[in-house]
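Structure, as structure tokens:
All of the numbers you see were taken from the coordinates with simple rules; none came from a lab. None of the values given here were measured: they were computed from a predicted structure. Cβ placement follows ideal geometry from the backbone for every residue including glycine, while neighbour counts extend to all protein chains displayed.
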């Protein structure tokens, strides 16, 4: 599960993509999987318009062990004020270097109404206009100054840690980089549950349903 804007229009160059599972380092470790098929939402036009989700079908299955496990899909929608966690290999500062080690941070989610207010008051930067509407396909999180996703984090998971294990509730979509005090915007996974099941042929593992 990733962001559509990471792969949109690149179906003909599918060999450019691989999935590496089982390592927190970019430079080494993990199992490399080639991509068999890219599926992005048919309503996707641009990240700012929503529907920013895609599914990568692998040529070979992932063998799960202590370094790699499936993650559950949400059974209910994500409300404002929930503790969330995002991870990725994006830049740690604007125009900075890509880290070798996987980064993560914790924060809280925001209701769409509150998120819209912060976006309207925020700076216009990187083609993100104050007129962008936060739709039902989007989820917002993080607004502490200096804390947020950055270039290279797109498509990464936003998770909630439940008693039964982590649940993926969002996919990094867009924001005003980086850590400007305006919430980052994610594809809202709960909104896409039917689409995800349809495009995975309902072959998800029991603990991922």
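Sort 75, 117 so that the residue with the fewest other Cβ atoms within 10 Å of its own Cβ comes first and the one with the most comes last.
Sorted ascending by nearby Cβ count, the order is 75, 117.
Relative contact order of region 83-190, please, whole-number percent, based on alpha carbon pairs below 8 angstrom and at least 6 residues apart.
30
Which percent of Cα pairs goes in each bin when the distances of region 83-190 are cut into 5 angstrom slices starting at zero?
2, 13, 24, 26, 19, 10, 4, 1, 0
Taking 7 Å along the Cα-to-C-beta vector as the label spot, tell me the residue 65-residue 200 distance in nanometres, rounded to one decimal.
2.3
Can you put 40, 190 in order, fewest other beta carbons within 10 Å first? Each step should come with its number before you reach the end.
Working: 40 23, 190 17.
Taking fewest neighbouring Cβ atoms as first place, the list is 190, 40.
So what's the gap between the Cα centers of region 100-124 and region 24-85, to the nearest angstrom?
For region 100-124 versus region 24-85, the Cα centre distance is 20 Å.
For labels at residue 75 and residue 57 in the simple 7 Å Cα→Cβ model, what's the distance in nm?
Here the modelled spin labels are 2.9 nm apart.
Order 146-156, 175-185 from most to least packed using the mean count of other Cβ atoms within 10 Å.
175-185, 146-156
Length gain on complete extension for the stretch residue 85 to residue 106, per 0.36 nm per residue less the alpha carbon to alpha carbon distance?
7.1 nm
Sort 186, 44, 51 so that the residue with the fewest other Cβ atoms within 10 Å of its own Cβ comes first and the one with the most comes last. Please list the in-between numbers first.
Values: 186 29, 44 19, 51 22.
In order of increasing Cβ crowding within 10 Å: 44, 51, 186.
Which distance in nm do the two modelled labels at residue 17 and residue 135 give, with both placed 7 Å along the Cα-to-Cβ direction?
Here the modelled spin labels are 2.0 nm apart.
For a quick protection proxy, order the peptides 106-114, 29-37 by their average other-Cβ count within 10 Å, most packed first. Kindly include the intermediate steps, with their values, before the conclusion.
Working: 106-114: 17.0, 29-37: 13.2.
Result, highest mean first: 106-114, 29-37.
How much mean residue ellipticity at 222 nm does the chain get from its helices, if each DSSP H run of length 4 or more adds -39500 (n - 2.57) and you divide by all residues, to the nearest 500 deg cm²/dmol?
Mean residue ellipticity at 222 nm (helix-derived): -2500 deg cm²/dmol.
I'd like the orientation of helix 112-121 relative to the chain: the angle between its Cα long axis and the longest Cα principal axis, in ° from 0 to 90, rounded to 10.
60
Explain nothing, just the number: relative contact order of the chain, from Cα pairs under 8 Å at least 6 residues apart, as a whole percent.
22
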